[in-house]
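Asker: Here you go, one structure.
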2 protein chains.
Amino acid sequence: MNSKKYNMWLQYQPITDTKMIEQYQYFFTKIGVLSEGLQVQAALDELHAAVPQMLDAKFTVSNDALNSTIVIGNRNDLARFLDSEQQAKLADMNDEAFLIASNQEQLIIAGNSDVAVLYGVHHLLRLVQLNEDIAQLSVVEQPKNQFRMLNQWDNFDGSIERGYSGQSIFYQHNQFVEDKTRIKDYARFLSSVGINAISINNVNVWEEETYFITKKYLPEIQEIAGIFRVYGITLYLSINFGSPVTIGDLDTADPLDQSVQNWWKEKAKEIYDYIPDFGGFVVKADSENRPGPFTYERDHADGSNMLAKALEPFQGKVIWRCFVYNHLQDWRDRTTDRARAAYDHFKPLDGRFHENVILQVKNGPMDFQVREPASPLIGAMPNTNQMIEFQVAQEYTGQQIDLCYLIPQWKEILAFDTHIKGTGTTIEEIVAGNIHPYKYSGVAAVSNIGDDENWTGNTLAQANLYGYGRLIWNPSLLSEQIAEEWIKQTFGSKEEVLNTIEDMLLNAWGIYENYTAPLGVGWMVTPGVHYGPNIDGYEYSKWGTYHFADRDGIGVDRTKETGTGYTEQYQEPHRTIYNDLDQVPDELLLFFHHVPYKYTLKSGKTVIQHIYDAHFKGYEQVEGLIEQWENLRNYVDNERFANVQDRLERQLDNAKEWRDQINTYFYRKSGIGDQHGRTIY
Amino acid sequence: MNSKKYNMWLQYQPITDTKMIEQYQYFFTKIGVLSEGLQVQAALDELHAAVPQMLDAKFTVSNDALNSTIVIGNRNDLARFLDSEQQAKLADMNDEAFLIASNQEQLIIAGNSDVAVLYGVHHLLRLVQLNEDIAQLSVVEQPKNQFRMLNQWDNFDGSIERGYSGQSIFYQHNQFVEDKTRIKDYARFLSSVGINAISINNVNVWEEETYFITKKYLPEIQEIAGIFRVYGITLYLSINFGSPVTIGDLDTADPLDQSVQNWWKEKAKEIYDYIPDFGGFVVKADSENRPGPFTYERDHADGSNMLAKALEPFQGKVIWRCFVYNHLQDWRDRTTDRARAAYDHFKPLDGRFHENVILQVKNGPMDFQVREPASPLIGAMPNTNQMIEFQVAQEYTGQQIDLCYLIPQWKEILAFDTHIKGTGTTIEEIVAGNIHPYKYSGVAAVSNIGDDENWTGNTLAQANLYGYGRLIWNPSLLSEQIAEEWIKQTFGSKEEVLNTIEDMLLNAWGIYENYTAPLGVGWMVTPGVHYGPNIDGYEYSKWGTYHFADRDGIGVDRTKETGTGYTEQYQEPHRTIYNDLDQVPDELLLFFHHVPYKYTLKSGKTVIQHIYDAHFKGYEQVEGLIEQWENLRNYVDNERFANVQDRLERQLDNAKEWRDQINTYFYRKSGIGDQHGRTIY
C-alpha cells in the first residue's frame, strides 16, 4: 500500500517551495555513511524512500565523508568530523541523542548510537518537509524520556481490545500474519517519532497467547523482534502470571515457590536464546480477573520481583501495570472508592520492588476519561521506578469516530505539579527520572492503530499517534507546534489547510468534553463498548464508577471530611484545593464534590445551566467542525476528505444523542428548565 | 442420557401405590395393537419404555384384540370394539381426538387418527403416573387448538437466540448434529403433551440458514422431519424473504414479480419432493432489519400471499409473524407508539390474506414482558387466520435462572374477553377458531430448550414446556392442575414435594413481577441481554420502550385524549377501562397512564410506596423460595436439588439488584422516602 492515507505523516510530498528546493537538492546529492549498524542502514533506506519523492532527484552513497554533502554516522565513527564542543555536547547527553550541524557545504548527522543516527535523519527529513532552512543548522537533541513505549492490545485472533481501526496488523485467526510489510511500516512510523519500545500483545493474555513465550511461537516473535530492532524499537511481551500452571506442568504460580521461580528463570533463558535484546514482560496481574500474586496471598512486589529476578541476567525489565485492583465494588457502599485503589495498593510497597521493575501508572485514578485529575500515585513512590500510561486509542474519547486531539490533555497531565518534592515536581520531570533516582522511567501508551488502510480509522486520529511520540520525546513542544508539524507533513503546507485543521484539532478535546459527561464526573457511557451516552450505564455497576445524581444534585464526594478522603492522597496545595469547594476547578468539580444543581460555578453559571449550555454548545461546535472541514473539500484528496467527513457526520449524531440524553436526564431529574428555553425532552 | 434431569416429566418411576399397582399390572399384560401407522408404533414404543420401569413387568403384544387387556388402534381399525355411542362421539370430534374406555377386564384406546392413538397412550401413561384408577375410564378428548406449535430460535452455528439452556440440539458449528437421539427424545416429550408442529430454525434467518431450503441441506432436514413425523409433529422452516436473491440468481425478491413467484413455486416443489408433509414457512419479514415486501413497496398481504400460492398445491401454510414494524423510533417523539404498531399495520389488511396464510401475533403489544395487556390485534381481523404467540423461553422473565411459572400468565391472556363479537369473545375461543371462520388457527411459542442435560437450564423451567403443551391442548385446565400433573410425574407424588413445589410455581410469576419493573411499565432491563435491572436501559433507545420517569411521575400516556390513542385499538369496555385512570387495573397503570409518584392506586397505596413495598417484598419472597426448596433437600435427588438451589441463589442476587436499583432510582428521582424507613441507597 502506498496511498496518502496509508502514508500518514511520512508523505514525502514533492517540495514546491522554490526558495528552498535548490538548497535541498544541493544537500541531498552525495550521502556519506560512516557507520554500518542496522539502524543506520534503516536511516539510509528512509532517505532512499524520501528524497526521490520530495526532490525528484537521486543521491549517491559512499563512505567518502569528505566529499559528501550529508554525512551520517554514530559519534565514534564520525568523531573526526566533530569539533570538541560538539563532542562534549554529545558526550554529555544520553545514548539516543543526535547532533545535526550544517554549513553551506556540508551537513553532518551524528548520533550517540546507531539508532540516534536514525532519529537524526528523521529530524532532518521533517525539517525538509516543513520547508525549513537546513543550511545553518546546529541542532542537538535527546529524548527527555528513557522509555517511550506503545502497548498493542492486539489479540491473537486478530481482534484488538479497544481497537477502532480494523483488525490487528500482527495476528489473524490465531496465526501471525504472513506478510509483515505493515509491521515494518509501523516500525518506520514509530521510529520517525522516536518510539523505542513496544509490547505486541494485549495485556489481557488469553489462553493461546499464554503460549507466546514457548517454542510454539517464539520463532515468529523472533522475526517480529528483528523487524522492530532495525528501527531501534525493543520488543516486549505481555505475559500471563499463571503461565507456570497453564503452560508449565506446575500446580502453582506462587511467586515465592522455588519451582515457580526456577520455571521463570528457565523461561527467561529460553526467550533470550531467541531474542537476545528482548525487552521484558508487561504484566497485568490481579486486575479485572487476571491471575496474579494475590491468588497465593502474595503482593505485587512479590509477584513482580520474582519475574524481575528471572529477567535480570539478561537486562530484561518487568513493567507492572497499576490498574483497578478492587473493581468488585458495591454501588451501595459509598465508602469504597476506586479512585483511591492504585495509591492505596501500591504506595505502601515503595522500596520493595526490584530495580528492574517499573510500575506503569495510568494518567488518572480512573480510566482514561475525558477529564480526570492526575493520578496521585505518580511520583508518590520515590524508591520505585515508574512510567505513566496514556491511551492513544480513544476508548472513552470518541473511538476515532469523534475527533479528539489528545495532546493538550497529555500536556496538562505532564505539567501537573505534584509538589511531591516541592514546587516544580511536575509529572513531566518525575517520569523523565529527574525527581527521584529512578533507574528506569518514561511513558507508555495504548496504541490506536489497526489494519484499516489509514491505520487509525479516522485519518485525523493519526495526529494522536504522531503527537504521542513527539510529545514524550520533547514534552516542551506545544500542542500547536505538534499539530502544525503533523498537518504540514500529512496534508501539506497550504495556509487554509493548516489553519483549519489546526483549529479543529486544538478545539476538539474541549468540544468532546462539552457534549459528554460534565465537570469531571465521567463514565456516562454505554457499558462495555464505551461509546455513546448512557447516563446511568455505570451507576449501579460493580466498577466503582458513579455520579450519584439525584433530584437535588450530583457528584462524588471525595473530600476528607464527608467523602472518601481521596483528596488526602495529594500533596499540598492540591489536597486543599481539591478538598475545598471554593477552590476546586470547575472542570473537576463533580469528581471531588457532590453539589446541588443550583450550585454556582466559578464561571458564574449554575451546575445545571452549565450542563445545558455545554451540551447545546458542544453539538453546535461539531456542526462547526463539519463546516470547517467542508471548506477543505478542494484542498484534501477525496479519500481522506470523505473519511473525515463521514466521521464528523457520525460525531454529529453522537453529539446529538449526548446533548439530548444528558439534558433530558438532568431536566427530568432536577425539574429545572433551561434559562434560554431551548428544547429538552 | 437417562438421568432424572434428562427425563423431565417422563420419569416413569416405579409405582409404589399398593392400592393401584395390582390394577395396573393386570391391564399392562397383553397389549393388542390393531393399527400399523408410524405413530401407533411410537405409542407402543412408549409403552415398552414406560411399563417395565413403572411396574417391573413385561407385556405381550399381538393383534389378538379379544384376548388383550389393552387394545389400541385408530377408529377404523378398532371399529368393532366401539359401541355406537362411542362411535358417534369420536365422529363428532376432530382428527386428533381419542377415546379411552375401560371396564374391569379391558381397556380400549381408540384414536381418530394414528397420532391420536399416541396421544391416548400418553394420556393413559399420565393417569398411571398420577396413580389414577384406570378400571372405569370413559375419556374422550380432543385438542382445543388446531395448531399447537413450537418455534425453535436455533441458529445453525449452534447458538440459540434467547436460549438459556446451552446450545442447540439440532445444530453445531454450522452442521446438523450427527447423533439425533436428543431430537427424537424431544419429539417424544412434545408429543406427550400434544405438540403437533415445530419450526426448527430461528425466525431470524441468517446467511447459511437461508440455504436450508436447498439441496445442500434438504436431505438432512428430510431426516429430521422423519423423526418428528413419527410423533405426529409437522416440520416447518423459517425462511429468508430475500432467498430468490440470496440463493437464487434473481436480482429481486419482489412478491409481485412473476419470476420471483415462479422461483418460489419451483422451490416449494423441490422441498415437497423431499418432505411430502412439510408444514410450510414461518416468516419474519420487514421486522428488526429482516428483509420483506416493504423493500419493494409491497405490503404484508402481497408478501405472504405470494408464498402461500407457492405452497398451496402441497397444502403448505405460511405463518407470518406480526412483530415490531417501526422499531426505529426516536425517544424524543412521544407521538409514535410501538404498542400501536402491529394493529396499525395489519388491521387494514384484513381480508386480503390467502386462506393458507396465518398471522402469528405475540400475546401482548410489546414483547413478552412480565406484564402487558393482551394484544388488541388478536381477533381484530375476522377474515384472517390468526395464531397467538407465547414465549416459553423466559427472555424477560428470568432467563431460566429466576423461577417464573408462566402458565398463569398465559391463562390470563387466553381468558381475556376481547368483546370483538360481544361478551365471551375470549382470546381462547378466538385462537381455537370458534369466533371467526378461520381455516387455520392455534397457538405457537418460542421453545425454552437446549442441550443442557436437563433441557431447560433450571429444572423447574421444564414445567413451562410441559404446561404450554397441556394448556393449549386444553385451556380449561387450571394452573394448579397442570402444576400438580407436572410435579407428580417429574418428582413423584410425595405430599411435601407436591405442596412445596406447587406453591413455589404458583407464586413465581407474582414474585418476579414484584421485584422487577412495576405496574406494567416493563423494559427496565439490561439492553441486549434482557437480564437484570437497568432502569434507563431502554429509555433513550430506538426501540419504543420508554417509561418517561421524571422527578414528578412515571408512565406512558396511551390515552385517547392526551396520549398515543393506543386504547382506541380495544373494544369496549376495555377501551374505556384502560383509558380511564379511575378504572384501569393497578397492574397495568403505567402501561396506559403517566401519573405522579403520589398517585393513589386502587390498593390504597401511592405509586411510589407500591414500588418500594413490592420490591422489598419480592426479595423477601425469593428468600422464601430458597427456604421452601431447602425443605426438599431429602426429597429430591442431589443433582436436581443442587440445580434448582443454585438457580434460586442466583435469583436472590438478581432480586437484590432489582430491589435496590429500582428503589434507589425512584428515591433519587422522587425524593420521597419509604414510609417504613427501610434502606434505600
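The values are calculated or read from the model by the stated rules, or taken from the named source; none is laboratory data. It should be emphasised that the depicted structure is a prediction, and the values quoted were computed from it without experimental measurement. Cβ: placed from backbone, ideal geometry, glycine included. Neighbour counts: every protein chain shown.
Asker: Looking at this structure, is A:TYR619 touching a residue at least 60 places away in the same chain (Cβ under 8 Å) and within 30 Å of A:GLY424 (Cα to Cα)? Break it down stepwise before answering.
Answerer: Values: touching a residue at least 60 places away in the same chain (Cβ under 8 Å): yes; within 30 Å of A:GLY424 (Cα to Cα): no.
No.
Asker: While we're here: Among the residues of the stretch B:81-134, which ones are outside any loop (DSSP other than H, G, I, E, B), over 25 Å from B:ILE21 (Cβ atoms) and charged (D, E, K, R)?
Answerer: B:GLU85, B:LYS89, B:ASP114 - these are the residues of the stretch B:81-134 that are outside any loop (DSSP other than H, G, I, E, B), over 25 Å from B:ILE21 (Cβ atoms) and charged (D, E, K, R).
Asker: Is it true that B:ARG633 is surrounded by fewer than 20 Cβ atoms within 10 Å (Cβ to Cβ), more than 21 Å from B:ASP552 (Cα to Cα), touching a helix residue (DSSP H, G or I) at 6+ places or on another chain (Cβ under 9 Å) and away from every other protein chain (no Cβ under 14 Å)? It would help to see each step written out before you state the result.
Answerer: Working: surrounded by fewer than 20 Cβ atoms within 10 Å (Cβ to Cβ): yes; more than 21 Å from B:ASP552 (Cα to Cα): yes; touching a helix residue (DSSP H, G or I) at 6+ places or on another chain (Cβ under 9 Å): yes; away from every other protein chain (no Cβ under 14 Å): yes.
Yes; evaluated as a whole, the condition is true for this residue.
Asker: May I pose another question? Within the stretch A:401-417, restricting attention to residues that are surrounded by 24 or more Cβ atoms within 10 Å (Cβ to Cβ) and more than 14 Å from the chain's Cα centre (by Cα), which residue is farthest from A:LEU625 (Cα to Cα)?
Answerer: It comes out as A:ASP402.
Asker: Pairs needed: first member in the stretch A:222-250, free of Cβ contacts under 8 Å to residues at least 24 places away in the same chain and in the same structural domain as A:ASN262 (by the TED database); second member anywhere, in a loop (DSSP other than H, G, I, E, B) and not β-branched (Val, Ile, Thr); C-beta distance under 6 Å; at least 6 residues apart or different chains.
Answerer: A:PRO244/A:LEU250; A:PRO244/A:ALA253; A:VAL245/A:ALA253
Asker: Could you check, for the stretch B:458-466, whether at least one of its residues is in a loop (DSSP other than H, G, I, E, B) and either crowded, with 22+ Cβ neighbours inside 10 Å or within 14 Å of chain A (Cβ to nearest Cβ) (or both)? Spell out the reasoning first.
Answerer: Initial filter on the stretch B:458-466 (in a loop (DSSP other than H, G, I, E, B)): B:458.
Adding the requirement that they be either crowded, with 22+ Cβ neighbours inside 10 Å or within 14 Å of chain A (Cβ to nearest Cβ) (or both) leaves B:458.
Yes, the conditions are met somewhere in the stretch B:458-466.
Asker: Consider the stretch A:332-374. How many of its residues are modelled with pLDDT under 95 and among the polar types (S, T, N, Q)?
Answerer: Residues flagged as modelled with pLDDT under 95 and among the polar types (S, T, N, Q) within the stretch A:332-374 amount to 2.
Asker: Pairs, please: C-beta under 6 Å, at least 6 apart or cross-chain, first residue assigned by the TED database to the domain that holds B:ILE134 and in the stretch B:70-87, second at pLDDT 95 or above and aromatic (Phe, Trp, Tyr)?
Answerer: B:ILE70/B:PHE27
Asker: Across the stretch B:137-169, what is the number of residues that are charged (D, E, K, R) and outside any strand (DSSP E or B)? Working first, answer last.
Answerer: To start, the set of residues in the stretch B:137-169 that are charged (D, E, K, R) comprises B:141, B:144, B:148, B:154, B:157, B:161-162.
When the remaining residues are screened for being outside any strand (DSSP E or B), the result is B:144, B:157, B:161-162.
So the answer is 4.
Asker: Does the stretch B:431-439 contain at least one residue that is on the phi < 0 side of the Ramachandran plot, assigned by the TED database to the domain that holds B:LYS180 and either within 16 Å of the chain's Cα centre (by Cα) or part of a helix (DSSP H, G or I) (or both)?
Answerer: So far as the stretch B:431-439 goes, yes, one or more of its residues are on the phi < 0 side of the Ramachandran plot, assigned by the TED database to the domain that holds B:LYS180 and either within 16 Å of the chain's Cα centre (by Cα) or part of a helix (DSSP H, G or I) (or both).
Asker: Can you tell me which residue in the stretch A:243-278 is surrounded by the most Cβ atoms within 10 Å (Cβ to Cβ), limited to those that are assigned to a loop (DSSP other than H, G, I, E, B) and in contact with a strand residue (DSSP E or B) (Cβ under 9 Å, 6 or more places away or on another chain)? Let's see the steps before the verdict.
Answerer: Keep residues of the stretch A:243-278 that are assigned to a loop (DSSP other than H, G, I, E, B), which gives A:247-257, A:275-278.
Checking the rest, the ones that are also in contact with a strand residue (DSSP E or B) (Cβ under 9 Å, 6 or more places away or on another chain) come to A:275, A:277-278.
Details: A:ILE275: 21, A:ASP277: 14, A:PHE278: 25.
It comes out as A:PHE278.
Asker: Name the residues in the stretch B:523-582 that are in a strand (DSSP E or B) and either more than 14 Å from chain A (Cβ to nearest Cβ) or more than 28 Å from the chain's Cα centre (by Cα) (or both), would you?
Answerer: So the first thing to find is which residues in the stretch B:523-582 are in a strand (DSSP E or B), and the list is B:525, B:533, B:553-554.
Of everything in the stretch B:523-582, those that are in a strand (DSSP E or B) and either more than 14 Å from chain A (Cβ to nearest Cβ) or more than 28 Å from the chain's Cα centre (by Cα) (or both) turn out to be B:GLY553, B:ILE554.
Asker: Spot the failing condition for B:ILE680; the list is (1) in contact with a Ser or Thr (Cβ under 8 Å, 6 or more places away or on another chain); (2) more than 14 Å from chain A (Cβ to nearest Cβ), and only one is missed.
Answerer: B:ILE680 satisfies every listed condition except (2).
Asker: Checking the conditions here, which among A:ILE662, A:ILE672 is within 14 Å of chain B (Cβ to nearest Cβ) and either surrounded by fewer than 22 Cβ atoms within 10 Å (Cβ to Cβ) or closer than 27 Å to A:ALA415 by Cα (or both)? Break it down into steps so the answer makes sense when it comes.
Answerer: Numbers: A:ILE662 fails: either surrounded by fewer than 22 Cβ atoms within 10 Å (Cβ to Cβ) or closer than 27 Å to A:ALA415 by Cα (or both).
Among A:ILE662, A:ILE672, only A:ILE672 is within 14 Å of chain B (Cβ to nearest Cβ) and either surrounded by fewer than 22 Cβ atoms within 10 Å (Cβ to Cβ) or closer than 27 Å to A:ALA415 by Cα (or both).
Asker: Can I ask one more? State whether one or more residues within the stretch A:593-615 are surrounded by 15 or more Cβ atoms within 10 Å (Cβ to Cβ), among the β-branched types (Val, Ile, Thr) and under 30 Å from A:LYS494 (Cα atoms).
Answerer: no
Asker: Filter the stretch B:55-80 for residues that are surrounded by fewer than 22 Cβ atoms within 10 Å (Cβ to Cβ), outside any loop (DSSP other than H, G, I, E, B) and at pLDDT 95 or above and give the result.
Answerer: Hits for the stretch B:55-80 are B:LEU55, B:THR60, B:VAL61, B:SER62.
Asker: Same structure, new question: Could you list all residues from the stretch A:467-487 that are surrounded by 22 or more Cβ atoms within 10 Å (Cβ to Cβ), touching a residue at least 40 places away in the same chain (Cβ under 8 Å) and either farther than 19 Å from A:GLU428 by Cβ or of a type in the set (A, V, I, L, M) (or both)?
Answerer: A:LEU471, A:ILE472, A:ILE482, A:ALA483, A:TRP486 - these are the residues of the stretch A:467-487 that are surrounded by 22 or more Cβ atoms within 10 Å (Cβ to Cβ), touching a residue at least 40 places away in the same chain (Cβ under 8 Å) and either farther than 19 Å from A:GLU428 by Cβ or of a type in the set (A, V, I, L, M) (or both).
Asker: Any idea which of B:ASP83, B:ASP154 is of a type outside the set (Lys, Arg) and surrounded by fewer than 16 Cβ atoms within 10 Å (Cβ to Cβ)?
Answerer: Numbers: B:ASP154 fails: surrounded by fewer than 16 Cβ atoms within 10 Å (Cβ to Cβ).
Just a single option satisfies the conditions, and that option is B:ASP83.
Asker: Follow-up question, since we're still on this one. Quick one: which of A:PHE323, A:PHE368 is buried (at least 22 other Cβ atoms within 10 Å of the Cβ) and not acidic (Asp, Glu)? Outline the logic, then answer.
Answerer: On the way: A:PHE323 fails: buried (at least 22 other Cβ atoms within 10 Å of the Cβ).
Selected residue: A:PHE368, the only one of A:PHE323, A:PHE368 that is buried (at least 22 other Cβ atoms within 10 Å of the Cβ) and not acidic (Asp, Glu).
Asker: Out of B:ILE198, B:ILE183, report the one residue that is among the β-branched types (Val, Ile, Thr), in contact with a strand residue (DSSP E or B) (Cβ under 8 Å, 6 or more places away or on another chain) and touching a residue at least 12 places away in the same chain (Cβ under 8 Å).
Answerer: Details: B:ILE183 fails: in contact with a strand residue (DSSP E or B) (Cβ under 8 Å, 6 or more places away or on another chain).
Just a single option satisfies the conditions, and that option is B:ILE198.
Asker: If you don't mind, another one. I'm checking my understanding of the structure. Among residues of the stretch A:279-291 that are in contact with a Gly (Cβ under 6 Å, 6 or more places away or on another chain) and part of a loop (DSSP other than H, G, I, E, B), which one is surrounded by the fewest Cβ atoms within 10 Å (Cβ to Cβ)?
Answerer: So the first thing to find is which residues in the stretch A:279-291 are in contact with a Gly (Cβ under 6 Å, 6 or more places away or on another chain), and the list is A:280, A:285-286, A:291.
Narrowing the set further to residues that are part of a loop (DSSP other than H, G, I, E, B) leaves A:285-286, A:291.
Working: A:ALA285: 25, A:ASP286: 22, A:PRO291: 20.
It comes out as A:PRO291.
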